[in-house]
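Data block below; observations after.
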Amino acid sequence: MVVIGLFSVIESLVSHAPKLTDSADSLSHQLRTKLPLLRKRFAQPLEHRSRFGEIEEEKLWRKLYDYRSKIVHGTDSQLSGELGCLGPVESVISFLREISKRLLQFSLREPQFMTDLKKC
């Protein structure tokens with residue numbers, strides 16, 4: 001439930017309702033493209049490599065969103081196979097908490113930027 005809650009915070013801050021006819025507008029795509037850009041604007045750097053190794057950031061967000069989807073849809077949500085690189089659940093939760101915190105802080109400093117970004 002913690003993973004779902006943290007993703008809800010993240011999604012509400014950076015995404016808009018996707019258009020059903022455009023896969024490039026999916027929630028997964030919005031997160032994969034917007035979060036790496038936002039992370040670069042954080043006051044303090046947040047590196048994913050220290051937790052998840054050399055995985056590319058866009059690929060990391062794809063895997064994190066896949067994990068979230070497995071939980072939401074009630075399928076096997078073990079961090080193994082394709083999701084094994086995410087490591088223990090505690091690492092995922094810690095990373096999502098930190099991203100959520102940074103996004104909230106950034107939203108308070110740059111509210112217009114966040115409003116504009118949600119439209120993209």
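The values are calculated or read from the model by the stated rules, or taken from the named source; none is laboratory data. In this text the structure is predicted, and so the values were computed from the model without any measurement. Counting neighbours? That spans all protein chains shown, and the Cβs are built from the backbone with ideal geometry, glycine included. For accessibility, only protein heavy atoms count, side chains too; no ligands or nucleic acids. Shrake-Rupley method; radii C 1.70, N 1.55, O 1.52, S 1.80 Å.
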Being part of a helix (DSSP H, G or I) and either within 15 Å of ARG102 (Cβ to Cβ) or without any contact (Cβ under 8 Å) to a residue 12 or more places away in the chain (or both) is the filter here, so list the residues in the range 13-32 that pass it. LEU13, VAL14, SER23, ALA24, ASP25, HIS29, LEU31
From the option list LYS40, LYS34, single residue qualifying as touching a helix residue (DSSP H, G or I) at 6+ places or on another chain (Cβ under 7 Å) and either under 25 Å from PHE113 (Cα atoms) or of a type in the set (Gly, Ala, Ser) (or both) is LYS34
Does LEU35 fit the bill of being in contact with an Asp or Glu (Cβ under 9 Å, 6 or more places away or on another chain), outside any loop (DSSP other than H, G, I, E, B) and in contact (Cβ under 8 Å) with a residue 60 or more places away in the chain? yes
Can you name every one of the helices (runs of 4 or more DSSP H) wholly within the range 41-120 that holds 2 or more residues which are of a type outside the set (D, E, K, R), more than 27 Å from ALA17 (Cβ to Cβ) and touching a Lys or Arg at 6+ places or on another chain (Cβ under 8 Å)? 89-109
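This table checks each residue for (1) open to solvent by less than 40 Å² (accessible area, probe 1.4 Å); (2) under 15 Å from the mean Cα position of the chain (by Cα).
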residue: LEU46; (1), (2): yes, yes
residue: GLY53; (1), (2): yes, no
residue: GLU56; (1), (2): no, yes
residue: GLU82; (1), (2): no, no
residue: CYS85; (1), (2): no, no
residue: SER91; (1), (2): yes, yes
residue: SER100; (1), (2): yes, yes
residue: SER107; (1), (2): yes, no
residue: LYS118; (1), (2): no, yes
